[in-house]
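The values are calculated or read from the model by the stated rules, or taken from the named source; none is laboratory data. No experiment lies behind these values; they were computed from the predicted model shown. Please note: Cβ atoms are built from the backbone with ideal geometry, for glycine as well, and neighbour counts cover all protein chains shown.
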Amino acid sequence: MADIVVDTKGLACPMPIVRAKKALDTLKPGQTMEVLSTDKGSLQDFTAWVKQTGNELVTHEVENGVFKFLVKKL
Amino acid sequence: MSNLQHQQAKVKKMTAHELTELLFAQEELFILDVRNSEDYENWHIEGHRVKSFNVPYFELIDGVEEIVGKLPGKQKILVVCAKEGSSVFVAEQLAEAGLDNVYYLQGGMKEWSEHLEPVKVGDLRDGGEIYQFVRIGKGCLSYMIVSGQEAAVVDSVRLTDVYEAFAKERSLTITHTIDTHLHADHISGGRKLAKSTGATYWLPEKDAEEVTFAYEKLEEGKVIQVGTTSISILPIYSPGHTIGSTSLLVDDTYFLTGDILFVASIGRPDLAGKAEDWVGDLHDTLYNRYQDLSKELLVLPAHFGSHAELGPDGVVSARLGDLYRDNPGLNIASEAEFRRVVTGQLPPQPNAYQEIRQVNMGRLQPDEEEQREMETGPNRCAVHDK
């Protein structure tokens, strides 16, 4: 279970990452965040964003058009 | 006026049409592309006097201070993203930081990839005209041949409402839609356009072995008439990109070469997995069949690979004789060398090209959104495209 869940379903770019960043800023290293998104550009943007910020994308999956990302703050 | 309204007022919208006009006019433009770097490297907007710079929007969430110094102060700055949202987000921050000539691209790369700009190529002897429809974001070129109150559309893309609106404005009836070959880089609009206008749809038989629909066979020597005063479209069999590829000679002047011969390159023979089989056909077409034609013909290809091929007013064309002098693909000394060059240096294949072929055969019926996804990115139909 993630420490925080950020539901951005229905929101378009850039809002999913803007919301995710705000949430991530509240976490301590080692804690995890789950982000839900229906934005199709999510996967590549999330992967790149997590890498650029030096965190870890633990898992990502897509189910019924909803992307689910698990990010670990490092 | 609140602070927020004030910022929004300073950011200006640029449409795909306005951007196209600016690129055709070779105006100076600075583009800040805020998509992720992978998407940017795969495909971005280019122009004669365009400077482009990539910083993903998610690096700018906390502010744009770090990049403001790298941007020109007075020149037009166009912020571009995939769909629009992130470009508005970044553009507003730039405006807030004091830049006052900031635009965002309406609809982002999604609309850019679907924009079609009609440009007139020239006149026909009976008073008719030929137009090129430049799909500038993807490098696809299609054509409308107009004579009397009739029109034929060649290598139509799937955005068929553009041709229909163009015809309607001029009170034209589209009577023929023609595909020079089975396309692998974009979804053909030929069948859809024929269906909605009552036109006849033409396709080379050798490219149509697996199709699920009825069509008229595009065959060498079988003349297609447009209008009352017999503007003829003469098909010439010219295999190589596909086994059925057929070129069209319009009014003895305009030579529509499909994906066989481009202005700066030549077609690639591998998109149906048969490079070794078709490279010989491609060589024969370019070095024998086309050689027998008048060097005065104006070559009008179905693609361009780079903005450098856009001529004045945006038309992509070249005299056949000039291409025999300047096009590297027409200046390879021997067939053995040709085989080596053409099959040895092929660029990556276009996005979803196998699925696109299936759609064009009528064997897959994706919805609008899926079609759009399949067509993402550049066309890559030429041998020398990067």
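Going through (1) of a type outside the set (Gly, Ala, Ser); (2) at the interface with chain B (Cβ under 10 Å from one of its Cβ atoms); (3) surrounded by fewer than 16 Cβ atoms within 10 Å (Cβ to Cβ) one by one, A:Leu74 falls short only on (2). The number of residues in region A:48-74 being part of a strand (DSSP E or B), farther than 17 Å from B:Ala82 by Cβ and not basic (Lys, Arg) comes to 12.
Kindly indicate whether B:Thr228 is polar (S, T, N, Q) and within 22 Å of B:Pro347 (Cβ to Cβ). Please lay out each step first, then the result.
Details: polar (S, T, N, Q): yes; within 22 Å of B:Pro347 (Cβ to Cβ): no.
No, not satisfied.
Exactly one residue out of B:Thr180, B:Thr175 is surrounded by 23 or more Cβ atoms within 10 Å (Cβ to Cβ) and either touching a residue at least 12 places away in the same chain (Cβ under 8 Å) or over 22 Å from B:Leu234 (Cβ atoms) (or both): that is B:Thr180. Determine whether region B:111-133 contains at least one residue that is touching a His at 6+ places or on another chain (Cβ under 9 Å) and not β-branched (Val, Ile, Thr). Looking for residues that are touching a His at 6+ places or on another chain (Cβ under 9 Å) and not β-branched (Val, Ile, Thr), one finds at least one in region B:111-133, hence yes. Evaluation of B:Leu300 against the conditions (1) under 27 Å from B:Glu220 (Cα atoms); (2) without any contact (Cβ under 8 Å) to a residue 60 or more places away in the chain; (3) out of contact with any Asp or Glu (no Cβ under 6 Å at 6 or more places or on another chain) shows that the sole unmet condition is (2).
Among the residues of region B:330-353, what is the count of those that are acidic (Asp, Glu) and either surrounded by fewer than 13 Cβ atoms within 10 Å (Cβ to Cβ) or within 26 Å of the chain's Cα centre (by Cα) (or both)? Don't jump to the end; show me each part of the working.
Taking region B:330-353 as the starting set, the residues that turn out to be acidic (Asp, Glu) are B:335, B:337.
Adding the requirement that they be either surrounded by fewer than 13 Cβ atoms within 10 Å (Cβ to Cβ) or within 26 Å of the chain's Cα centre (by Cα) (or both) leaves B:337.
Residues meeting the conditions: 1.
For the structure I just gave you, tell me whether A:Asp45 is at pLDDT 95 or above and acidic (Asp, Glu). No. Output the number of residues of region B:89-105 satisfying the condition of being over 20 Å from B:Glu21 (Cα atoms) and surrounded by 20 or more Cβ atoms within 10 Å (Cβ to Cβ). Total meeting the criteria: 7.
Looking at region A:28-42, which of its residues are assigned to a loop (DSSP other than H, G, I, E, B) and within 14 Å of another protein chain (Cβ to nearest Cβ)? Steps first, please.
Taking region A:28-42 as the starting set, the residues that turn out to be assigned to a loop (DSSP other than H, G, I, E, B) are A:28-31, A:38-41.
Correct list: A:Thr38, A:Asp39, A:Lys40, A:Gly41.
Only one of B:Thr229, B:Thr242 is surrounded by 21 or more Cβ atoms within 10 Å (Cβ to Cβ), among the polar types (S, T, N, Q) and at pLDDT below 95. Can you tell me which?
Matching residue, one of B:Thr229, B:Thr242: B:Thr242.
Within region B:212-235, residues that are at negative phi reach partners that are modelled with pLDDT of 90 or more and among the acidic types (Asp, Glu) with beta carbons closer than 6 Å, at six or more positions or on different chains, in the pairs B:Lys217/B:Glu205; B:Val226/B:Glu150; B:Ile231/B:Asp251; B:Pro235/B:Glu220. Give just the number: which of (1) touching a strand residue (DSSP E or B) at 6+ places or on another chain (Cβ under 9 Å); (2) modelled with pLDDT under 95 does B:Val146 not satisfy? For B:Val146, the failing item is (2).
I'm checking my understanding of the structure. Among residues of region B:20-43 that are assigned to a loop (DSSP other than H, G, I, E, B) and touching a residue at least 60 places away in the same chain (Cβ under 8 Å), which one is surrounded by the most Cβ atoms within 10 Å (Cβ to Cβ)?
Step one: of region B:20-43, the residues assigned to a loop (DSSP other than H, G, I, E, B) are B:25-28, B:34-36, B:43.
If we keep only those that are touching a residue at least 60 places away in the same chain (Cβ under 8 Å) as well, we get B:35, B:43.
Details: B:Arg35: 28, B:Trp43: 20.
Ranking the qualifying residues of region B:20-43, first place goes to B:Arg35.
The residues of region B:50-85 that are among the hydrophobic types (A, V, I, L, M, F, W, C) and over 21 Å from B:Lys10 (Cα atoms), listed by number, are B:Val50, B:Phe53, B:Val55, B:Phe58, B:Ala82. Return yes when B:Leu286 is in the same structural domain as B:Tyr237 (by TED's automatic domain parsing), at negative phi and outside any helix (DSSP H, G or I) and no when it is not. Spelling it out, it is not the case that B:Leu286 is in the same structural domain as B:Tyr237 (by TED's automatic domain parsing), at negative phi and outside any helix (DSSP H, G or I).
Taking (1) under 11 Å from the mean Cα position of the chain (by Cα); (2) without any contact (Cβ under 8 Å) to a residue 40 or more places away in the chain in turn, A:Asp25 satisfies each apart from (1). Residues of region B:62-76 include at least one that is surrounded by 18 or more Cβ atoms within 10 Å (Cβ to Cβ), within 14 Å of another protein chain (Cβ to nearest Cβ) and either free of Cβ contacts under 8 Å to residues at least 60 places away in the same chain or touching a strand residue (DSSP E or B) at 6+ places or on another chain (Cβ under 8 Å) (or both). Checking A:Ile17 against (1) more than 9 Å from chain B (Cβ to nearest Cβ); (2) buried (at least 21 other Cβ atoms within 10 Å of the Cβ), only one condition comes out false. Which one? The one condition A:Ile17 does not meet is (1).
Annotation note: of B:Gly139, B:Gly108, the sole residue that is within 17 Å of B:Pro378 (Cβ to Cβ), surrounded by 21 or more Cβ atoms within 10 Å (Cβ to Cβ) and either free of Cβ contacts under 8 Å to residues at least 40 places away in the same chain or of a type in the set (Phe, Trp, Tyr) (or both) is B:Gly108. Here are some residues: A:Asp25, A:Asp45. Which one is among the acidic types (Asp, Glu), out of contact with any strand residue (DSSP E or B) (no Cβ under 8 Å at 6 or more places or on another chain), closer than 23 Å to B:Ser87 by Cα and within 14 Å of chain B (Cβ to nearest Cβ)? Only one candidate passes the filter, namely A:Asp45. Quick check: anything in region B:96-110 under 23 Å from A:Thr47 (Cα atoms), of a type in the set (Asp, Glu), in a loop (DSSP other than H, G, I, E, B) and not assigned by TED's automatic domain parsing to the domain that holds B:Thr228? No, region B:96-110 contains no residue that is under 23 Å from A:Thr47 (Cα atoms), of a type in the set (Asp, Glu), in a loop (DSSP other than H, G, I, E, B) and not assigned by TED's automatic domain parsing to the domain that holds B:Thr228.
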